[in-house]
Each structure stands twice: as structure tokens, then as C-alpha cells.
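Have a look at the structure below before the remarks.
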Amino acid sequence: MKKLSLEYIAGLVDGEGCFLIHRRKLTGYHRVRIIISNTFPAPLRMIRKEYGGSIGIQKKCKRHLGKKDVFRYRICGRKAILMTKLLLPFLIIKKKQAKLFIKFPFMGSGRKTSISIKKGRESLLNKIRVLNSGG
């Protein structure tokens with residue numbers, strides 16, 4: 001199987017992907033992830049083979065005739081940060097989100113995480129939300 005270039009993957013992220021920092025409501029735990037959605041799974045499988053992650057599928061529903069199934073590639077945690085660092089020089093549309101994303105602090109987890117780290121994570125989450133919403 002042919003390897004995809006970083007430029008191609010960056011184009012997929014710019015057009016069909018997003019950088020997310022998710023906070024679990026019950027625990028307050030933050031998690032970083034990159035998601036790329038596409039109706040054609042082959043490039044997503046190639047990315048998964050090279051960088052890890054997982055692929056899920058959202059089946060079309062009966063009321064959306066003519067719509068295709070959507071495949072979602074997801075990579076989380078430190079692997080997502082590493083991938084972002086590799087893609088950063090080639091991103092255009094989502095470069096601001098990527099620059100914020102790679103600042104995510106990984107020290108501590110759950111209740112052991114200091115208040116200052118939690119505040120930093122929450123600040124990054126809010127900044128990325130604004131950018132993802134077109135702000």
C-alpha cells in the first residue's frame with residue numbers, strides 16, 4: 001500500500017478534519033483528538049496504518065436516501081499531538097487550531113492534575129472551540 005504524503009494528510013485535515021479537546025463532564029478529564037471524516041475509507045485506512053488510531057463508521061439512515069456512509073478516523077492523546085507537529089508546516093485553514101492543540105499539557109491525569117494545568121487545558125479547549133466555530 002502506498003504511503004500518503006504529509007501534505008495530502010494536511011489537506012484532508014484542513015478540509016474534512018478537526019482538532020478537538022474534549023472535557024468529560026463527570027470527571028473533568030481532558031482528552032485531545034484529531035478526527036477526519038470521509039465517505040471514502042481508503043485514505044483513512046492508510047493514515048491509520050502509518051500513525052495508529054481507529055476508524056468508525058456512521059451508517060446512512062433510511063430517511064437520507066442517496067447519502068453515503070461516513071467513515072471517521074480518530075487519533076488521540078500524544079499520538080495526536082505528534083501527528084499535528086508533523087502536519088503543522090502543511091496546514092493552511094486549521095493552522096491556528098493546530099498551534100493551540102500542540103500546547104496541550106500532559107502532566108498529571110484526572111484528580112492528580114494541578115488546578116493551573118486544568119485551567120490551561122480549559123483555556124485551550126475554549127480557544128479551539130471559537131476557531132472551530134468560525135471565530
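The values are calculated or read from the model by the stated rules, or taken from the named source; none is laboratory data. Since the structure is predicted, the reported quantities are computational estimates derived from the model, not experimental observations. Cβ coordinates were reconstructed from backbone atoms using ideal geometry, including for glycine residues, and neighbour counts include every protein chain displayed.
Checked against (1) surrounded by 15 or more Cβ atoms within 10 Å (Cβ to Cβ); (2) more than 26 Å from Pro89 (Cβ to Cβ); (3) free of Cβ contacts under 8 Å to residues at least 24 places away in the same chain; (4) hydrophobic (A, V, I, L, M, F, W, C), Ile55 meets all criteria but (2).
Look at Tyr8 and say whether it is of a type in the set (Ser, Thr, Tyr) and buried (at least 18 other Cβ atoms within 10 Å of the Cβ). When the stated conditions are applied, Tyr8 does not pass them.
Can you confirm whether segment 87-99 contains a residue that is in contact with a Ser or Thr (Cβ under 8 Å, 6 or more places away or on another chain), closer than 19 Å to Leu6 by Cα and either in a loop (DSSP other than H, G, I, E, B) or at pLDDT below 85 (or both)? Among the residues of segment 87-99, not one is in contact with a Ser or Thr (Cβ under 8 Å, 6 or more places away or on another chain), closer than 19 Å to Leu6 by Cα and either in a loop (DSSP other than H, G, I, E, B) or at pLDDT below 85 (or both), which makes the answer no. Selection of first residues in segment 73-88 that are within 16 Å of Glu16 (Cβ to Cβ) and of second residues that are surrounded by fewer than 17 Cβ atoms within 10 Å (Cβ to Cβ) and of a type in the set (S, T, N, Q), restricted to Cβ pairs under 6 Å at least 6 apart or on distinct chains, gives the following pairs, ordered by first then second residue: Arg74/Ser54.
For the structure I just gave you, tell me whether Gly28 is farther than 22 Å from Ser5 by Cβ and either modelled with pLDDT of 95 or more or not in a loop (DSSP other than H, G, I, E, B) (or both).
Working: farther than 22 Å from Ser5 by Cβ: yes; either modelled with pLDDT of 95 or more or not in a loop (DSSP other than H, G, I, E, B) (or both): no.
Here the answer is no, as Gly28 does not meet what is asked.
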